[in-house]
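Working notes, beginning with the structure itself.
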Amino acid sequence: MQKLALLLILLASTTATACAQGNAPSTDRRPWQVACPFDSSKALLPVTCGRLKVPENPENPGGRAVEVAFMLVKAPRSIDQNGPMVYLNGGPGQNSLYWAEQLITHPHVRDMVVDRDWIFFDQRGTGRSSPSLYCANESDWLTQVKKCHDQLVAQGVDPSQYNSNRIVRDMEALRSALGVRRWNLWGLSYGARVAVIAARTYPASIRSVILDAGGIPEGQELVEDARGTEVALTRIFSKCATDTACNRAYPQLRSRFTAALSQLRQEPLQAGDRRYDDRALLRFIRGWLYPRGYSTFEARIQSLVTVMDAAARRDGPALDATRQRMRVEEGIDTRRDPPLPDHGRYSIGQNLSVYCNESEPFRSAEEYQRAAARSEILRALVPPFGTDSACALWGAGRADTTVRTIVYDGPQLVFTGELDASSSGIKGYQIAMFNANAQQIVFRNGMHGQLPSSLPTAEDIDYRNCALRLARAFVADPRGRLDSSCAETRRLRLVR
């Protein structure tokens, strides 16, 4: 038995050395270091992989443990060995490592990892971390939630332990295990919420914070998301009204479209095999305002302007023809993407654990009613108020109210996309208004997130590199002023 144990240790050491060959040094192996679970020989920069065990419930340290999977990417010339950048992914429910493992083989990694090391990790409940709270698809949503919940609980998983407060505890344990003094946080979307909570909870551990499409849950999250979409559409309407070609093709688009929403609520519009009332139409529009990675953002905006005009004229065939063209441009019916591996899948379970713990318990009927009465767009987008049945099934517990504040006084750089159709399109302005040490940079004609978790396309590479250059300058001097002119360069043609 002892010989077998020794053989396993030697095999693990050999595998780790092979993973690290040409990359991270294989000497001085750390307790958390493991063989990289991908072919790191293709990595363009040195990488080291690890797994860290932490208690599922910190109040029961002797109980069930979870494992946090992470990866360190070594900079070609690090100016601060003790101040790396930590990437915090969005969602909740997305993962980091699936993207990072592709990024490390792509030339764009050299634009990101330049003068300080980067750390990527899968938040508890997602990706390569274990357990995974991935939920298999079922035809009925509540059936899916109930079945997933029961399977996880049968395995000993406590859904109330997979939320922002637990994630930031994991981060602090990881920082300590790596021997890092203070690190810098780049939070994308939901990751920005985690960044702010981490900075408030462990201020001595944080050097600076970058909030990219900051998803900070102060107020009513679903209402704020609807308001973000309304703001983005209002900006598109204004751009159309002041653009000669767009205003000629689609005169008075704002007033005609908003008037049509009331009619659609009473008499839905048939467009091919789809039937659109006001809610279905606006959900369709909102979905296409987010990053997708195949069709360009400009092409999607042009198509959505046409969709809104067709809906205003109650022209179902024109609306359907535009929708079909959008599907072709996106390659929805023709592209053959390889199936996602398990660690690349979206974790519905972690999403429920976060949302049901931090947002749903704080919903206000009065806020929902005020929002629905404010405009036709909000009335269509704000969901009916009531207890979320999925949350009632999930058992995520209730967060302390401190998790819901955006107040943090340390240095912050806020990236906001001008046409971000979520709450973060508004939150960036609020963060900069309330925090004296926050600098907001608005990316003209930008969308949700300037460093989205996908490989860059030709359309967004300039803004990504702009964000990266600004971030490097900010982290080097968190209180210095930045030249943000590169964030104002994206043009947007509204008519083809």
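The values are calculated or read from the model by the stated rules, or taken from the named source; none is laboratory data. Keep in mind that this is a model prediction, so the values were computed, not measured. Note that we place each Cβ from the backbone using ideal geometry, even for glycine, and neighbour counts take in every protein chain shown.
Key figures for this structure:
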read-out: Helices (runs of 4 or more DSSP H) fully within segment 202-296 counting 3 or more residues that are among the polar types (S, T, N, Q) and within 19 Å of the chain's Cα centre (by Cα); value: none
read-out: Unique match (being surrounded by fewer than 20 Cβ atoms within 10 Å (Cβ to Cβ), in contact (Cβ under 8 Å) with a residue 12 or more places away in the chain, part of a helix (DSSP H, G or I) and among the hydrophobic types (A, V, I, L, M, F, W, C)) among LEU142, LEU152; value: LEU142
read-out: Hey, ILE197 out of contact with any His (no Cβ under 6 Å at 6 or more places or on another chain) and either part of a helix (DSSP H, G or I) or at pLDDT 95 or above (or both) or not; value: yes
read-out: Which numbered condition GLN33 fails, given (1) surrounded by fewer than 20 Cβ atoms within 10 Å (Cβ to Cβ); (2) more than 24 Å from LEU352 (Cβ to Cβ); (3) free of Cβ contacts under 8 Å to residues at least 60 places away in the same chain; value: (1)
read-out: Residue in segment 413-429 that is under 21 Å from the mean Cα position of the chain (by Cα), surrounded by fewer than 19 Cβ atoms within 10 Å (Cβ to Cβ) and either β-branched (Val, Ile, Thr) or farther than 20 Å from ILE301 by Cβ (or both) present; value: yes
read-out: Output for segment 155-169, where each listed residue is crowded, with 20+ Cβ neighbours inside 10 Å and not in a helix (DSSP H, G or I); value: VAL157, TYR162, ASN163
read-out: Residue match in segment 53-66 (condition: part of a loop (DSSP other than H, G, I, E, B), in contact with a Phe, Trp or Tyr (Cβ under 8 Å, 6 or more places away or on another chain) and surrounded by fewer than 22 Cβ atoms within 10 Å (Cβ to Cβ)); value: no
read-out: Meets criteria (surrounded by 15 or more Cβ atoms within 10 Å (Cβ to Cβ), more than 30 Å from SER176 (Cβ to Cβ), in contact (Cβ under 8 Å) with a residue 40 or more places away in the chain and touching a Ser or Thr at 6+ places or on another chain (Cβ under 8 Å)) for GLY214; value: no
read-out: Residue check for SER389: in contact with a Leu (Cβ under 9 Å, 6 or more places away or on another chain), polar (S, T, N, Q) and surrounded by fewer than 19 Cβ atoms within 10 Å (Cβ to Cβ); value: yes
read-out: Among residues of segment 365-406, those that are β-branched (Val, Ile, Thr), part of a helix (DSSP H, G or I) and either closer than 27 Å to ARG166 by Cα or without any contact (Cβ under 8 Å) to a residue 40 or more places away in the chain (or both), counted; value: 3
read-out: Selected residue (criterion: modelled with the lowest pLDDT) from residues of segment 408-461 that are among the β-branched types (Val, Ile, Thr) and more than 16 Å from ALA213 (Cα to Cα); value: THR457
read-out: Pairs where the first residue, in segment 161-174, is at negative phi and the second is polar (S, T, N, Q) and buried (at least 24 other Cβ atoms within 10 Å of the Cβ), C-beta under 7 Å, 6+ apart; value: TYR162/GLN350; TYR162/SER353; ASN163/SER353; ASN163/ASN357; ILE167/GLN123
read-out: Residue list for segment 451-470, restricted to those being more than 18 Å from SER485 (Cα to Cα), buried (at least 20 other Cβ atoms within 10 Å of the Cβ) and over 17 Å from the mean Cα position of the chain (by Cα); value: none
read-out: Condition check for GLY428: outside any strand (DSSP E or B), farther than 25 Å from TRP99 by Cα and in contact (Cβ under 8 Å) with a residue 12 or more places away in the chain; value: yes
read-out: Conditions (1) modelled with pLDDT of 95 or more; (2) crowded, with 20+ Cβ neighbours inside 10 Å; (3) part of a helix (DSSP H, G or I); (4) in contact with a Phe, Trp or Tyr (Cβ under 9 Å, 6 or more places away or on another chain): number failed by GLU172; value: (2)
read-out: Which numbered condition ILE119 fails, given (1) over 30 Å from ALA471 (Cβ atoms); (2) modelled with pLDDT of 95 or more; (3) not in a helix (DSSP H, G or I); value: (1)
read-out: Selection count where residues are more than 12 Å from LEU319 (Cβ to Cβ) and among the hydrophobic types (A, V, I, L, M, F, W, C), scope segment 258-281; value: 2
